[in-house]
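Worksheet for the structure shown next.
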Amino acid sequence: MGKKPTLTEKQRKFAYELVTNEGRITGTEAAKRAGYGSPRERAYELQNPRKFPLVVKYIGEIRDELQKKYDITFQRHISELAKIRDQAREKGAWSAAVNAEVARGKAGGLYIEQKIIRTGKLEDLSAEELENRMKEILDEYSPILEGVEVTDLTNEVKERQQKLRLQPNKDKPVTLDETSDYSSESSSSSSSDEESSS
């Protein structure tokens, strides 16, 4: 009965270098680091299961071990965040401690992030939304609207809104932003005209 085959120190080093630096170095570089001459050929041979089945098996074992070590599970993630929080708290880094605790809460499903982005024009609002918005505006600006009846103002806004909805886009009235840009251009051109005529 013969001696059971085992890995040499160079083979172990090759496997370790290959797996721990996966994606950063090639098999040839791993063979060089392990001390092999003609590293390109040796790297190919050492990764061939027909020629070196023990090395290939050992490479697989190292990969499995690293996968288990760095695998992210819910429990591991939560406990790691708790450790970070506690270490930050001990050092008085309150912001980091709060952030770690919030991250734990998010991972645990205690927070639900909602982002509602509303963009658009008054024309896009429903009648109910428009009426609510008008009420808010009237309440907010009532001190400067003295002497104007709320019902008159409400009716006027509703009429304008109705006209805007009926107008096609190309006949849409010019907005304040458009007029301010236009007026500044025309005033600057008229002043330059006056300067040239003097």
(request) With a 10 Å radius around each residue's Cβ, average the other Cβ atoms per peptide and rank 29-40, 65-76, highest first. (result) 29-40, 65-76
(request) Give the span of segment 1-88's Cα atoms along each principal axis, as three whole-Å numbers ordered largest to smallest. (result) 52, 35, 19
(message) As a test question: what accessible area, to the nearest 10 Å², does Thr154 have when a 1.4 Å probe is rolled over all protein chains in place?
(response) 30
(message) Quick one: 3J(HN,Hα) in Hz for segment 31-46, Karplus 6.51/-1.76/1.60 with θ = phi - 60°, rounded, Gly and Pro as x.
(response) 5, 4, 5, 6, x, 7, x, 6, x, 5, 5, 5, 4, 4, 5, 5
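Output the peptides 81-91, 52-62 sorted from most to least packed, where packing is the average of other Cβ atoms within 10 Å over each peptide's residues.
On the way: 81-91: 14.5, 52-62: 16.2.
Ranked by mean Cβ neighbours within 10 Å, highest first: 52-62, 81-91.
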(request) Convert each backbone phi in segment 99-107 into a coupling constant with the Karplus relation 6.51 cos²θ - 1.76 cosθ + 1.60 (shift: θ = phi - 60°), then list the ³J(HN,Hα) values in order as whole Hz, x for Gly and Pro. (result) 4, 5, 5, 5, 4, 4, x, 5, 5
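First select every other residue whose beta carbon is under 12 angstrom from the beta carbon of Ala82; then total the charges, Lys and Arg +1, Asp and Glu -1. Intermediate results must be reported in sequence, preceding the final value.
Values: positive: Arg76, Lys83, Arg85, Arg89, Arg104; negative: Glu80, Asp86, Glu101.
Summing Lys/Arg as +1 and Asp/Glu as -1 gives +2.
Could you sort out which of Lys83/Lys106; Lys57/Lys83; Lys3/Lys57; Lys13/Lys57 sit more than 24 Å apart by Cα distance in this structure? Working shown, then result.
On the way: Lys83/Lys106 16 Å; Lys57/Lys83 35 Å; Lys3/Lys57 19 Å; Lys13/Lys57 14 Å.
Correct reply: Lys57/Lys83.
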(request) Go through 93-102, 9-18 and give me the packing order, highest mean Cβ count within 10 Å leading. (result) 9-18, 93-102
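The values are calculated or read from the model by the stated rules, or taken from the named source; none is laboratory data. Everything quoted here is computed from the prediction, not taken from an experiment. A quick note on method: Cβ atoms are made from the backbone with ideal geometry, for glycine too, and the neighbour counts reach across all protein chains shown. SASA here: full protein model, heavy atoms, side chains in, ligands and nucleic acids out. Shrake-Rupley method; radii C 1.70, N 1.55, O 1.52, S 1.80 Å.
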